[in-house]
Amino acid sequence: MTHDVPHVINPLLEVSDFDSDAGKPMKLCLIPRAGGAGEVRFALPADYMALAREFDGQRDTDAAIQSFIDKHRPERDKSWLTRLVTESLVPKGIVIRADQDPRCATSSQSDKAFLHVKLPIIRSSLVEPVARSLSFLYRPAAMIVGLVGFVAMHVVVYGFLFRGQHFEFGELGIASVLLLMLISTLATICHEFGHATAAAHFGCRNMTIGWGVYLIYTVLWTNVSDAWKLPRKHRAIVDIGGVYFESFALFALLVGYLATNNPIFLFGFIFVDLSIANTFNPFLRMDGYWLVSDLFGIVNLRKQQEIWWQDLIERILHPRTHTSRSTLKPMAKRVLAVYTILGTLFIAYVMKTMFVVVVLSVLTNLPQFANETWSKLASDATWSNVLHAVAETGWRILVILGAGFTFWNIGKALGRMLGRLRRVARTAAEGA
């Protein structure tokens, strides 16, 4: 972007208030993608939008920024504001060249966001009628009954049914594993319809359910981008809607076990429960991330967590000269601190549970499984027995590899964060 080329605020830009607890007012920006391929949304400080409005198609960049400085007396200097324009407002398509067709302005934000692959599989024309017909489940009385039922189910399962029971995941056959995969898939579909139904309850439209790849995992997702316009309390209900509907799957599994006494239903209950727990993983952008972000109005929660750690280190190293980097209000800061600490402990517990219940069980039973499989093939190496042995071996290998990749990815994320924190500590020490 050169300073002698006039720019203008994108005439297709839609701006509305964004309910958050940020230290400064925020705005929600909506820009159509080039070619009509959907829309992109940004939550930006209101000051940034005031700067964007200074671009009238007549003044160059220097003049527009100087006009903003004269009117608003911002804390940031002119060079910083210039970088903001060239590195953020222009790439996002908020500010465009005066001679540019706004319909062709392309945002720098990928439509896949944090998903490597993103494919719609259930159209909004199918999702919305179902969501609207079930939206009564989000009336306060229904949600209270659902919460009581969710707690009661867990008391029954973990307080009574599991007591004295001994289940070995590594002893399951391929048929049982495939059944667990089917149960998990059905529960996940319930989860996504939960988000869509909550959004429909609050008047949102264009909900689509799709399939994607996040890190190494295949996931389902629901387009509830209309929910950005809702008050943050309603956005939080949309966030928790998936777990709310997934609890219906838990109820069906509990009934299945009580009716048949087949332990596969209890295994299914555990797997769905682990899936629910994983949605509250503080290191991944899943439901727990968005719930805390929306409920307490913390925009860009991941960045704010990193700032919290940086502030903590600087407060420890230089308690007298430390100045907080965070712009959050005191209540939001306290929530962020509790979420960061408890979230870290919680994910450690979940990973330990997954390792003990699933991975360690498979590894412990692997020698016995290998011996039995080899003996069976040595005595009767038919095609059906070979295929069965490959399937049985395959799912065990996938479990071990999947867990290994999970630990590896979390370890990398922690390593990157610790690296940034070390740089902050080093900078603070050099400035002392």
**Item:** Scan of the stretch 363-380 for residues that are touching a helix residue (DSSP H, G or I) at 6+ places or on another chain (Cβ under 8 Å) and open to solvent by 70 Å² or more (accessible area, probe 1.4 Å), ordered by number
**Value:** Leu363, Thr364, Lys376
**Request:** Would you mind telling me which numbered condition in (1) at pLDDT 75 or above; (2) not in a helix (DSSP H, G or I) Pro319 fails?
**Result:** (1)
**Request:** Answer yes or no: is there a residue in the stretch 122-142 that is at pLDDT below 90, outside any helix (DSSP H, G or I) and surrounded by fewer than 12 Cβ atoms within 10 Å (Cβ to Cβ).
**Result:** no
**Request:** Could you tell me whether the stretch 56-64 includes any residue that is surrounded by 15 or more Cβ atoms within 10 Å (Cβ to Cβ), within 22 Å of Val40 (Cβ to Cβ) and not aromatic (Phe, Trp, Tyr)?
**Result:** no
**Request:** Consider Ala332 carefully, then state whether it is in a helix (DSSP H, G or I), modelled with pLDDT under 85 and assigned by TED's automatic domain parsing to the domain that holds Thr406.
**Result:** yes
**Item:** 1 or more residues in contact with a His (Cβ under 8 Å, 6 or more places away or on another chain): qualifying strands (runs of 3 or more DSSP E) within the stretch 6-108
**Value:** 95-97
**Message:** Looking only at the stretch 221-233, count every residue that is in a helix (DSSP H, G or I), open to solvent by less than 50 Å² (accessible area, probe 1.4 Å) and closer than 13 Å to Trp290 by Cα and tell me the total.
**Reply:** 2
**Prompt:** Which residue pairs have Cβ atoms under 8 Å apart, sit 6 or more places apart or on different chains, and have a first residue in the stretch 241-267 that is touching a residue at least 24 places away in the same chain (Cβ under 8 Å) and a second that is among the charged types (D, E, K, R) and in a helix (DSSP H, G or I)?
**Reply:** Gly242/Glu192; Gly242/Asp287; Val243/Asp287; Leu250/Asp273
**Request:** Tell me which residues, restricted to the stretch 136-153, are under 15 Å from Val255 (Cβ atoms) and either touching a residue at least 24 places away in the same chain (Cβ under 8 Å) or of a type in the set (Val, Ile, Thr) (or both).
**Result:** Gly149, Phe150, Met153
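The values are calculated or read from the model by the stated rules, or taken from the named source; none is laboratory data. All figures in this text were calculated on a predicted structure; none of them were measured in a lab. Reconstructed Cβ throughout: ideal geometry from the backbone, glycine too, with neighbour counts over all protein chains shown. Areas reflect the complete protein model, heavy atoms only, side chains present, ligands, DNA and RNA absent. Shrake-Rupley method; radii C 1.70, N 1.55, O 1.52, S 1.80 Å.
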